[in-house]
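Engineer: Take this structure first; my questions come after.
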Amino acid sequence: MRFSSVSRYLLAVVFLILPFFSAADEVEVLHWWTSPGEKAAVEVMERQLNDKGLEWKDFGVEGGGGGKAMTVLKSRVISGNPPTAAQIRGKGIQEWASLGLLTAIDDVARQEEWDKKLPGLVSETLKFQGHYVAVPVNIHRNNWLWVNPEIFKKTGLELPETWNDVFRIAPQLKKAGYIPLAYGGEPWQASAIFESVLLATGGADFYRKTMVENDPEALTSKTMMETFETLAHIRTLFDDNSSRRSWDQATQLVIDGKAAMQLMGDWARGEFLLQDKQPGKDFLCIPAPGTQGAFVYNIDSFVMFNMPDEQQKKAQQTLASLLMNPAFQKEFNQKRGGIPALDLSEGQEVDICARKSRRDFNSSMEQGTLVPSTTHGMAAGERVQNVVSEVVSQFINDPGADPAKAVKQLSLAIQTIR
Ligand code: BGC
């Protein structure tokens, strides 16, 4: 009787203490890498973290582009229960840091000499008031066109270099039974097309004037009008079932030989590779029409939330150090697309798309044609990002929408929320 009450007491103690022990070794990471190719890359992260003695608690939130993940994250933080780390990009890092919720990673950064290792453009994005508050895992290129070469071979058509080329070949592709451009109707997918068309129409300076500086004159200019006119034409390249298709389902259409092309960031490469498709043979990556030599970039990175527990703080440092490890970044990005953020030297990638990305990143930086993605929160904060996605997707998804009205609506909306 006495024994059983003691053991009950011990059990109670163990159950009370256990969660603290397991939580200390556990790293809960919010992300939105939930497509098959992305999941394969997350497994690399999980495995390498396990090797460091930490448990991975997956907090993947479905929804390409991360919009849903950000909503879920906000509700977790508001309820006082943030995850250990979360995938946050670009201007979002500053927005979260200004709320005082993020922990500085300066110790690890100093010990591992991040300032020396990271290109200035990357480290600037990760710092708030001079302190590192985020860790990068890659650099993505958003202005890629993914092509099924077999379809071009069968139809005898030339690969397009401009949107006019695409419009010229589209009727033949349709006649042969192919969807010219695979697309899913989600707002961020519309925005991804928009930013590449904007760059193709106005060039890098005009892109920066509109999307970074939000200059009212540029936003209502003739070039902006031309951008929306081209978008109206692009609408005719989609199939009737495109609305609400996820980005990887759209990629699958290219893989399966149903669609000729898709405009998408280089995470699409992960889907092809997972299905044993060879770049340069089974699929091609060419710059989005009219954007040769330019590069729309996006940096995936992770922030760490303030944690009271010392063990958790240590776990965050281990995670930060792992994410910055060159071997990790190499394996991770080989699986999912994108190029490591750490080392800009050329010739390190085995994949021809990644090699081209690396070369174009470096040359666009020299030539001033490197621009931050609006769709993925690099050019402006979340509010501008959302307004652009909403206005552009309403325009693209409505066959009767008027370009002049859309130009006014976008400029007005941006001015109002700034
Ligand atoms: C992220 C990528 C991700 C893509 C699709 C982008 O916002 O930067 O890492 O693969 O969304 O979900």
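The values are calculated or read from the model by the stated rules, or taken from the named source; none is laboratory data. These numbers were taken from a predicted model, which means no experiment stands behind them. Ideal geometry is used to build each Cβ from the backbone, glycine not excepted, and the neighbour counts take in all protein chains shown.
Engineer: Quick one: which strands (runs of 3 or more DSSP E) lie wholly within region 24-110 and hold at least 2 residues that are touching a Ser or Thr at 6+ places or on another chain (Cβ under 9 Å), within 13 Å of Phe305 (Cα to Cα) and more than 12 Å from the ligand (Cβ to nearest atom)? Give the steps one after another, and end with the answer.
Structural biologist: Working: elements: 26-31, 55-60, 85-87.
In region 24-110, the matching strands (runs of 3 or more DSSP E) lie at 26-31.
Engineer: Now for a separate question. With Val407, Val384 as the choices, which residue is assigned to a helix (DSSP H, G or I), farther than 17 Å from Met264 by Cα and away from the ligand (no atom under 16 Å from the Cβ)?
Structural biologist: On the way: Val384 fails: away from the ligand (no atom under 16 Å from the Cβ).
The match here is Val407.
Engineer: For region 98-106, does any single residue satisfy the condition of being in the same structural domain as Lys57 (by TED's automatic domain parsing), touching a residue at least 12 places away in the same chain (Cβ under 8 Å) and under 18 Å from the mean Cα position of the chain (by Cα)?
Structural biologist: no
Engineer: One residue is enough: does region 399-408 have a residue meeting the conditions at pLDDT 95 or above, touching a Phe, Trp or Tyr at 6+ places or on another chain (Cβ under 6 Å) and under 19 Å from Phe295 (Cβ atoms)?
Structural biologist: Taking every residue of region 399-408 in turn, none turns out to be at pLDDT 95 or above, touching a Phe, Trp or Tyr at 6+ places or on another chain (Cβ under 6 Å) and under 19 Å from Phe295 (Cβ atoms).
Engineer: Can you confirm whether Leu49 is within 15 Å of Ala85 (Cα to Cα), of a type in the set (A, V, I, L, M, F, W, C), surrounded by fewer than 21 Cβ atoms within 10 Å (Cβ to Cβ) and touching a residue at least 24 places away in the same chain (Cβ under 8 Å)? Break it down stepwise before answering.
Structural biologist: Details: within 15 Å of Ala85 (Cα to Cα): yes; of a type in the set (A, V, I, L, M, F, W, C): yes; surrounded by fewer than 21 Cβ atoms within 10 Å (Cβ to Cβ): yes; touching a residue at least 24 places away in the same chain (Cβ under 8 Å): yes.
Against the criterion (within 15 Å of Ala85 (Cα to Cα), of a type in the set (A, V, I, L, M, F, W, C), surrounded by fewer than 21 Cβ atoms within 10 Å (Cβ to Cβ) and touching a residue at least 24 places away in the same chain (Cβ under 8 Å)), Leu49 qualifies.
Yes/no per residue for (1) within 18 Å of Asn148 (Cα to Cα); (2) part of a helix (DSSP H, G or I):
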site: Gly202; (1), (2): no, yes
site: Phe206; (1), (2): no, yes
site: Lys209; (1), (2): no, yes
site: Asn214; (1), (2): no, no
site: Ala218; (1), (2): no, yes
site: Met224; (1), (2): no, yes
site: Phe228; (1), (2): no, yes
site: Asp240; (1), (2): no, no
site: Gln262; (1), (2): yes, no
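Engineer: Right, next: Taking into account only those residues within region 96-149 that are among the acidic types (Asp, Glu) and closer than 24 Å to Lys330 by Cβ, which is surrounded by the most Cβ atoms within 10 Å (Cβ to Cβ)? Can you show your working first?
Structural biologist: Kept after step one, since they are among the acidic types (Asp, Glu), are these residues of region 96-149: 106-107, 112-113, 115, 124.
Now narrow it down to the ones that are closer than 24 Å to Lys330 by Cβ: 112-113, 115, 124.
Working: Glu112: 15, Glu113: 9, Asp115: 12, Glu124: 9.
Looking at residues that are among the acidic types (Asp, Glu) and closer than 24 Å to Lys330 by Cβ, I get Glu112.
Engineer: Answer with yes or no whether Pro289 is assigned to a loop (DSSP other than H, G, I, E, B) and surrounded by 15 or more Cβ atoms within 10 Å (Cβ to Cβ).
Structural biologist: On the way: assigned to a loop (DSSP other than H, G, I, E, B): yes; surrounded by 15 or more Cβ atoms within 10 Å (Cβ to Cβ): yes.
Against the criterion (assigned to a loop (DSSP other than H, G, I, E, B) and surrounded by 15 or more Cβ atoms within 10 Å (Cβ to Cβ)), Pro289 qualifies.
Engineer: Could I ask something else about it? Could you list all residues from region 136-159 that are of a type in the set (A, V, I, L, M) and either within 30 Å of Ile93 (Cα to Cα) or within 16 Å of the ligand (Cβ to nearest atom) (or both)?
Structural biologist: Those that are of a type in the set (A, V, I, L, M) and either within 30 Å of Ile93 (Cα to Cα) or within 16 Å of the ligand (Cβ to nearest atom) (or both): Val137, Ile139, Leu145.
Engineer: On to the next question. Could you grab me the full set of residues in region 126-135 that are within 15 Å of the ligand (Cβ to nearest atom) and under 15 Å from Lys91 (Cβ atoms)? Steps first, answer last, please.
Structural biologist: Step one: list which residues in region 126-135 are within 15 Å of the ligand (Cβ to nearest atom), which gives 126, 134-135.
If the condition is that a residue be within 15 Å of the ligand (Cβ to nearest atom) and under 15 Å from Lys91 (Cβ atoms), then Leu126, Ala134 are the ones that fit.
Engineer: Further question on the same structure: Could you figure out which of (1) without any contact (Cβ under 8 Å) to a residue 24 or more places away in the chain; (2) within 16 Å of the ligand (Cβ to nearest atom); (3) not acidic (Asp, Glu) isn't true of Lys277?
Structural biologist: (2)
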